[in-house]
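Trainee: Below you'll find the structure I mean.
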Amino acid sequence: MIVDSVLINAKAYFKGQIVDCCIAVEEGKIHKLGKETQMPNADEKLDLHNLLVLPGLIDEHVHLRDEGKAYKEDFFSGTSAAAAGGFTTVLDMPNNEPVTMSVDSFRNRLQIAKRKILVNVGFYSAFPKTLSEINSLVTEGVVGFKFFMNSPIGGLDIDDDLAINEAFKIVSELKVPIAVHAEDRALISAKENKLKKVNKNTCADYLNAHTEDAELISIKRLLKIANGVDVKLHFCHITSKEGLGAIEEGKEVNNNLTCEVTPNHLFLSADDLRLYGSLLIMAPPLRGSVHTRALWQGLETGLIDTIGSDHAPHMLSEKIRSNIWDVNVGVPGLETTLPLMLTSVHKNQLSLNQVVCLLAEKPAKIFGLTDRGSLEKGKNADITIVDYKQQFKIDASKFKSKARFSPYDKWDVYGKPVKTIINGVLVFDQGNIVSKGGVGEIVRGSPLEVHSR
């Protein structure tokens with residue numbers, strides 16, 4: 001037998017260990033792992049020179065923009081950034097222009113994406129205006145629903161607990177996850193309006209509006225609404241000690257509950273706002289050091305399930321504004337997440353096993369991506385190759401994303417993504433995109449597999 005390619009001299013992460021091996025790839029799948037003498041003949045052989053080989057990383061929290069927001073990011077630039085950051089699969093959020101919240105908007109978004117994407121992409125939907133359309137969206141292949149508690153995005157009334165409960169019941173029967181932005185809109189709006197009336201518009205005022213209480217109230221409310229409903233809730237970008245504590249309590253009675261943290265809330269704090277100003281405005285915001293420490297502890301204990309970049313590209317002019325209420329929230333993150341997390345391994349804050357679990361294994365399990373998340377025979381040949389020992393400075397000016405700024409610019413980090421293979425195809429190699437758009441696949445949800453695992 002002659003396979004498509006064989007990767008030789010790899011140090012591969014396989015079932016919790018680093019093993020010296022070769023990897024044979026055939027028709028976009030991992031065909032075999034073993035010694036070089038056990039490898040079949042191949043059309044192409046790639047010598048990895050003992051680089052670290054990880055299962056293709058998955059980022060379940062990405063804003064790829066495009067359509068009406070293509071000036072910020074489009075499918076090609078966003079998935080280029082993903083490949084450059086070592087991510088082989090990303091899940092795209094629905095707060096687009098137009099909002100992804102119907103079968104028509106979902107189909108149109110896929111049609112635009114499929115000819116541009118360099119990595120595999122799955123798509124969330126916001127809740128539709130008519131709950132009966134939820135079933136159709138799942139049939140079309142959404143990987144999950146995104147529910148914004150801080151803003152009326154989508155067709156579900158965030159102030160109506162009964163309507164939310166009804167939507168949760170429908171989704172529970174379909175076995176797809178609901179990813180939640182948990183901030184209480186009423187509390188934030190009340191505080192924000194008071195501040196605006198007296199012309200308060202600094203970074204400190206933004207923090208005063210987006211308090212830890214807003215997160216905690218929202219989490220507790222959703223847990224109460226979901227009580228007795230077998231729905232998969234995934235809390236995005238948790239930021240506070242109290243919020244994490246509420247999720248820990250929720251997990252004691254609901255094994256379908258999971259949560260995510262972003263690198264921003266691990267490596268930055270509210271103190272950094274003094275240095276970076278409005279560049280660091282995000283929702284939910286950065287917190288004080290007591291909360292940062294709690295998040296790190298949550299990673300160490302396994303309470304936090306995943307790392308999501310919350311890649312949120314904007315034009316720099318949308319970030320640097322005199323009035324804080326006019327600033328677009330979020331920063332790009334696809335090209336910094338892996339080096340930041342591998343640097344934490346170098347500093348003995350986390351193990352490599354934990355990082356792989358957070359960035360590959362757990363996202364695959366939560367979102368039903370059963371053919372991804374590990375380097376095993378039969379899985380997709382999505383492979384992240386890293387020069388683990390290389391120390392380098394993050395250089396935002398060289399990002400593949402259209403958003404070429406970062407709070408981590410000029411940071412010294414360890415562990416550089418050097419090659420990214422998507423479905424058996426080398427897409428990123430030593431700083432360069434080496435493939436055309438369309439290599440990536442549209443990832444569709446597998447709800448029954450999610451429930452059964």
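The values are calculated or read from the model by the stated rules, or taken from the named source; none is laboratory data. The structure presented is a predicted model; accordingly, all values stated were derived computationally and were not measured. With ideal geometry, Cβ positions are generated from the backbone for all residues, glycine too; neighbour counts draw on all protein chains shown.
Trainee: Of all residues in the range 233-273 being over 14 Å from L358 (Cβ atoms) and among the acidic types (D, E), which is surrounded by the fewest Cβ atoms within 10 Å (Cβ to Cβ)?
Mentor: Filtering the range 233-273 for residues that are over 14 Å from L358 (Cβ atoms) and among the acidic types (D, E), the one surrounded by the fewest Cβ atoms within 10 Å (Cβ to Cβ) comes out as E252.
Trainee: Looking at the structure I just gave you, is A204 more than 26 Å from the chain's Cα centre (by Cα), at pLDDT 95 or above and either outside any strand (DSSP E or B) or surrounded by 23 or more Cβ atoms within 10 Å (Cβ to Cβ) (or both)?
Mentor: So A204 passes the test.
Trainee: Identify the residue in the range 135-163 that is of a type in the set (A, V, I, L, M, F, W, C) and either at pLDDT below 95 or over 24 Å from the mean Cα position of the chain (by Cα) (or both) and, among all such residues, is farthest from P98 (Cα to Cα).
Mentor: If we take residues in the range 135-163 being of a type in the set (A, V, I, L, M, F, W, C) and either at pLDDT below 95 or over 24 Å from the mean Cα position of the chain (by Cα) (or both), then L162 is farthest from P98 (Cα to Cα).
Trainee: Still on this structure, I have one more. Within the range 15-43, how many residues are part of a strand (DSSP E or B) and under 18 Å from N423 (Cα atoms)?
Mentor: Selection size over the range 15-43: 12.
Trainee: A further question on this structure: Among the residues of the range 274-282, is any farther than 22 Å from V355 by Cα, assigned by TED's automatic domain parsing to the domain that holds N201 and among the small types (G, A, S)?
Mentor: The answer is yes; a qualifying residue exists.
Trainee: Let me confirm something: among S278, S344, S317, which residue is farther than 25 Å from F148 by Cβ, in a helix (DSSP H, G or I) and out of contact with any Ser or Thr (no Cβ under 8 Å at 6 or more places or on another chain)?
Mentor: Only one candidate passes the filter, namely S344.
Trainee: Output the qualifying pairs, or none if there are none: Cβ atoms under 9 angstrom, residues six or more apart or on different chains, first residue in the range 350-370 and among the hydroxyl-bearing types (S, T, Y), second residue surrounded by 21 or more Cβ atoms within 10 Å (Cβ to Cβ) and part of a helix (DSSP H, G or I).
Mentor: Close Cβ pairs satisfying both conditions: T370/A364; T370/V450.
Trainee: Turning to a different aspect of this structure: Could you list all residues from the range 353-376 that are at pLDDT 95 or above and β-branched (V, I, T)?
Mentor: Hits for the range 353-376 are V355, V356, I366.
Trainee: Right, here's the next one. In this structure, is N199 in contact (Cβ under 8 Å) with a residue 12 or more places away in the chain and either surrounded by 20 or more Cβ atoms within 10 Å (Cβ to Cβ) or over 20 Å from P284 (Cβ atoms) (or both)?
Mentor: Judged against the criteria, N199 is not a match.
Trainee: Okay, moving on. Is it fair to say K419 is part of a helix (DSSP H, G or I) and of a type in the set (D, E, K, R)?
Mentor: no
Trainee: Taking the conditions exactly as written (surrounded by fewer than 19 Cβ atoms within 10 Å (Cβ to Cβ) and either in contact with a Leu (Cβ under 7 Å, 6 or more places away or on another chain) or acidic (D, E) (or both)), does D382 satisfy them or not?
Mentor: In short, no.
Trainee: Restricting to the range 254-273, count the residues that are free of Cβ contacts under 8 Å to residues at least 24 places away in the same chain and of a type outside the set (D, E).
Mentor: 2
Trainee: Being crowded, with 17+ Cβ neighbours inside 10 Å and either outside any loop (DSSP other than H, G, I, E, B) or among the basic types (K, R) (or both) is the filter here, so list the residues in the range 281-292 that pass it.
Mentor: R287, H291, T292 - these are the residues of the range 281-292 that are crowded, with 17+ Cβ neighbours inside 10 Å and either outside any loop (DSSP other than H, G, I, E, B) or among the basic types (K, R) (or both).
Trainee: Moving on. Tell me, which residue of the range 85-125 that is buried (at least 23 other Cβ atoms within 10 Å of the Cβ) and among the small types (G, A, S) is nearest to A70 (Cα to Cα)?
Mentor: Looking at residues that are buried (at least 23 other Cβ atoms within 10 Å of the Cβ) and among the small types (G, A, S), I get A113.
Trainee: Can you run down the residue pairs with Cβ atoms below 9 Å, 6 or more apart or on separate chains, where the first is in the range 20-34 and within 13 Å of I383 (Cα to Cα) and the partner is of a type in the set (S, T, N, Q) and crowded, with 21+ Cβ neighbours inside 10 Å?
Mentor: G28/N380; K29/N380; I30/N380
Trainee: Right, something else. In this structure, does G155 turn out to be within 22 Å of G437 (Cα to Cα), surrounded by 17 or more Cβ atoms within 10 Å (Cβ to Cβ) and of a type in the set (G, A, S)?
Mentor: no
Trainee: To continue, here is another question. Just checking, how many residues over the range 394-403 are free of Cβ contacts under 8 Å to residues at least 24 places away in the same chain and in a loop (DSSP other than H, G, I, E, B)?
Mentor: Selection size over the range 394-403: 1.
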